[in-house]
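A quick write-up on the structure given underneath.
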Amino acid sequence: MEYLFYTFSGLAILFSLGVVFARNPIYSGLSLVTTLFFVSGIFVLLHAPFIGVLQILVYTGAIMVLFLYVMMLLNIQEEQIVGTRKHLMKWMHLPLIVVIFFIFKSLILVPTFSDIPVDEKFGSVFNVGESLLGSYVLVFEIASIVLLAAMIGVVVLTKKTQKEKP
Amino acid sequence: MIVPLDHVLLVSFALFLIGLVGLFLRKDALTIFLCVELLLNAANVAFVGVARSIGDVTGHVVVLIVIAVAAAEAAIGLSIVIRLHQNKKPLEVQKLNELKG
Amino acid sequence: MSLSFFDSNMLSALIRIALTTGTILGVIVYLMVWAERRVSAFIQGRLGPNRVGPLGLLQGLADGVKFIFKEELMPSEANKFLFLLAPFAAVLPAILAFAPVPYGMKIIDGNVVPAAIANLDVGVLFVLSVTSLGVFSIILGGWASNSKYPVLGGLRAAAQVISYEIPMGLAIMAVLLVAGTTNLTEIVQLQSEGAWFVLICPIGFLIFVVSIFAETNRLPFDMPEGETEIIGFHAEYSSMKFAMFFMAEYANMVTASCIAVLLFLGGWEFLPFVSWSKLSAVAGVSIYEQGFWWLLPVAWFMAKVSFVLILFIWVRWTLPRFRYDQLMRLGWKKLIPLSLLNIVITMLIVMWVV
């Protein structure tokens, strides 16, 4: 089973490179869709089937469709990749700091193996739902308010104002 | 399946790094949004990996909330992009230097 | 458990996948195309195709040959890669969505073994998520053609499919409230002794049926194709690529009908309150354990699915096509509030009655 994990991760990273380096935004979007697929595969392998399916349902099936829809609506043309090498170098130090920090942290804090035996039901809909509506119900409610606020915000933003009406 | 947590976190980090580089390199607003989604996903991988490793389902709950927030963010962001396009503004973020709609 | 077919024998899993996929695409879709034309003809008082083979059964084969030999046209300004990708993006989710659909079961040593490619714990969610991927093909096909009408058709179709996913999901949510599980086999087992879920949430069933009509681009909501009045997203496609879109549509119809039967119409169970096990106890055979008796419920399931499929055709010739704004108004202003109301009603029923 390990080989599946490494295959999925490798492909996810490969396609995420496509997100950044594809010239056409539509190709970027499609690469991200593929990346999300493989990440969802990783989730399933890590004993999180519910999250894996939700990833496809919400991320790929709703958010990415929205992205591609808008790209098609606006008919985005290809753009040149910005930034000369100088520009790139200017920002390169920040990721570097994160790299060092991360490797450091992972060397110190993390136990080597992740194979704590978990039972069959770990990560199932029932299991996650119990936790979500039990101890974290407040977070759940706040998330719903965030979504409601976003919904109202979108309606206000995209609604044509009086002035613009022909 | 025995995959060391280090490797899961490494994958998460690689995705995060790529997203970060994209955030700095790209100039159009839509691709930058895509890179932000990549960053959120990298965080999700780390959360699920750690949840598996310590046998606690809290990580999954966090991922659910992140997905909900990502949906909200995408909706608002895309409506702003559509608004910019309606007003004939460029979608390159460096040229968007005034707030007046 | 989830992804059980990875742990079990890989070879037997591959055989199951090949058999099931072959049956869906090769046999059911083929028969569905034939039935569509014959039933349409029957409703309109015509004969329909009856020349090629007995009862016109080989007509589909002849049409297939015609499709293969047609010229493959590629618009000169099209984005070649995405143009080729779109038909595959339509067919792949259509087949994949069938993976967790059980069509019968067998009891071996006291364990329930559902006849499905994969007995997923998150079966319902899996089907929902995979079918929602079909919209990519519409967006890509419309955009990659690089021509005005397909782009507009693609935008229209994508908005329709996204909109009707919401009432469909909410209708399924009501069923999940009653069932308390997302495993399709368990949902059927819950209906075996008690009432079918269509009796508990009839509004949900209605909303679900209307939504799957819109999701699979069928009349009266076939705006995505709309060959007579408005031009759809696949106007630039020809030959096999065009046929693939239709194969995907029919495969989606089969999956949607299966889900409707499993969630609302009791799956392979005989009648409400009369399960096969009860019936077989009277007859003196244990239907799920001995011999080939388990094929009887499978056949019954197929009969139910065929009924829903015939319903698709029946409605096609009964209702006129909706206008696009009427379609959107129905979806957002009628079905979504109604499905929310349905969830509340179902909640009250679950709390006080069941």
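The values are calculated or read from the model by the stated rules, or taken from the named source; none is laboratory data. As the structure is a computational prediction, the values presented were derived from the model and not from experiment. Heads up, the Cβs are rebuilt from the backbone with ideal geometry, glycines too, and the neighbour counts pull from every protein chain shown.
If you go through the range A:111-130 one residue at a time, do you hit one that is at the interface with chain B (Cβ under 7 Å from one of its Cβ atoms), modelled with pLDDT of 70 or more and part of a helix (DSSP H, G or I)? For the range A:111-130, residues at the interface with chain B (Cβ under 7 Å from one of its Cβ atoms), modelled with pLDDT of 70 or more and part of a helix (DSSP H, G or I): present.
Scanning the range A:128-154 for residues being touching a Ser or Thr at 6+ places or on another chain (Cβ under 9 Å) and either over 17 Å from residue B:73 (Cα atoms) or among the aromatic types (Phe, Trp, Tyr) (or both) gives a total of 3. Candidates B:9, B:17, B:5: the one that is more than 21 Å from residue B:78 (Cβ to Cβ), touching a Pro at 6+ places or on another chain (Cβ under 6 Å) and facing chain A (nearest Cβ under 7 Å) is B:17. Just one residue in the set A:53, A:39 is within 28 Å of residue A:125 (Cα to Cα) and over 12 Å from the mean Cα position of the chain (by Cα); that residue is A:53.
Looking at (1) at pLDDT 90 or above; (2) surrounded by fewer than 23 Cβ atoms within 10 Å (Cβ to Cβ); (3) out of contact with any Gly (no Cβ under 9 Å at 6 or more places or on another chain), which is the only condition residue A:56 fails? Tallying (1) at pLDDT 90 or above; (2) surrounded by fewer than 23 Cβ atoms within 10 Å (Cβ to Cβ); (3) out of contact with any Gly (no Cβ under 9 Å at 6 or more places or on another chain), residue A:56 fails exactly one: (2).
Selection of helices (runs of 4 or more DSSP H) fully inside the range C:241-354 by the criterion of at least 3 residues being closer than 21 Å to residue C:115 by Cβ returns C:276-283, C:295-316. Would you check which residues across the range A:11-27 are surrounded by fewer than 24 Cβ atoms within 10 Å (Cβ to Cβ) and at the interface with chain B (Cβ under 9 Å from one of its Cβ atoms) and list them? A:13, A:17, A:20, A:21, A:22, listed by residue number.
Pairing residues of the range A:1-21 that are within 18 Å of residue B:31 (Cβ to Cβ) with residues that are part of a loop (DSSP other than H, G, I, E, B), at Cβ distances under 6 Å and at least 6 apart in sequence or on separate chains, gives no pairs at all.
Of the candidates C:60, C:64, C:45, the single residue that is among the small types (Gly, Ala, Ser) and surrounded by fewer than 14 Cβ atoms within 10 Å (Cβ to Cβ) is C:45.
Tally the residues that are surrounded by fewer than 24 Cβ atoms within 10 Å (Cβ to Cβ) and more than 7 Å from every other protein chain (Cβ to nearest Cβ), restricting the search to the range C:112-133. Final tally of qualifying residues: 8. Condition check: surrounded by fewer than 12 Cβ atoms within 10 Å (Cβ to Cβ), part of a helix (DSSP H, G or I), over 25 Å from the mean Cα position of the chain (by Cα) and at pLDDT below 85. Does residue A:107 satisfy that? For residue A:107, the condition - surrounded by fewer than 12 Cβ atoms within 10 Å (Cβ to Cβ), part of a helix (DSSP H, G or I), over 25 Å from the mean Cα position of the chain (by Cα) and at pLDDT below 85 - is met. Scanning the range B:12-56 for residues that are more than 14 Å from the chain's Cα centre (by Cα) and among the hydroxyl-bearing types (Ser, Thr, Tyr) gives a single hit, B:53. Contact map, the range C:328-353: first residue touching a residue at least 12 places away in the same chain (Cβ under 8 Å) and more than 10 Å from residue C:170 (Cβ to Cβ), second residue buried (at least 17 other Cβ atoms within 10 Å of the Cβ) and hydroxyl-bearing (Ser, Thr, Tyr), Cβ cut-off under 6 Å, separation 6 or more or different chains; pairs are C:331/C:163; C:331/C:164.
The set of residues from the range A:37-63 being β-branched (Val, Ile, Thr) and either facing chain C (nearest Cβ under 9 Å) or within 15 Å of residue B:49 (Cα to Cα) (or both) comprises A:39, A:42, A:44, A:51, A:53, A:56, A:58, A:60. For the range C:278-288, the criterion of being closer than 30 Å to residue C:174 by Cβ, in contact with a Pro (Cβ under 9 Å, 6 or more places away or on another chain), surrounded by fewer than 21 Cβ atoms within 10 Å (Cβ to Cβ) and not hydrophobic (A, V, I, L, M, F, W, C) is met by at least one residue.
In the range C:246-264, the count of residues that are crowded, with 21+ Cβ neighbours inside 10 Å, farther than 30 Å from residue C:180 by Cα, hydroxyl-bearing (Ser, Thr, Tyr) and at pLDDT 85 or above is one or more.
Residue-by-condition table, conditions (1) at the interface with another protein chain (Cβ under 7 Å from one of its Cβ atoms); (2) surrounded by fewer than 22 Cβ atoms within 10 Å (Cβ to Cβ); (3) over 30 Å from residue A:74 (Cα atoms); (4) among the hydroxyl-bearing types (Ser, Thr, Tyr):
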site	(1), (2), (3), (4)
B:24	yes, yes, no, no
B:31	yes, no, no, yes
B:38	yes, no, no, no
B:48	yes, no, yes, no
B:58	yes, yes, yes, yes
B:62	no, yes, yes, no
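Of the residues screened, residue A:34 is not one that is within 7 Å of another protein chain (Cβ to nearest Cβ) and farther than 16 Å from residue B:77 by Cβ. Here residue B:43 meets each of (1) within 7 Å of chain A (Cβ to nearest Cβ); (2) at negative phi with one exception, condition (1).
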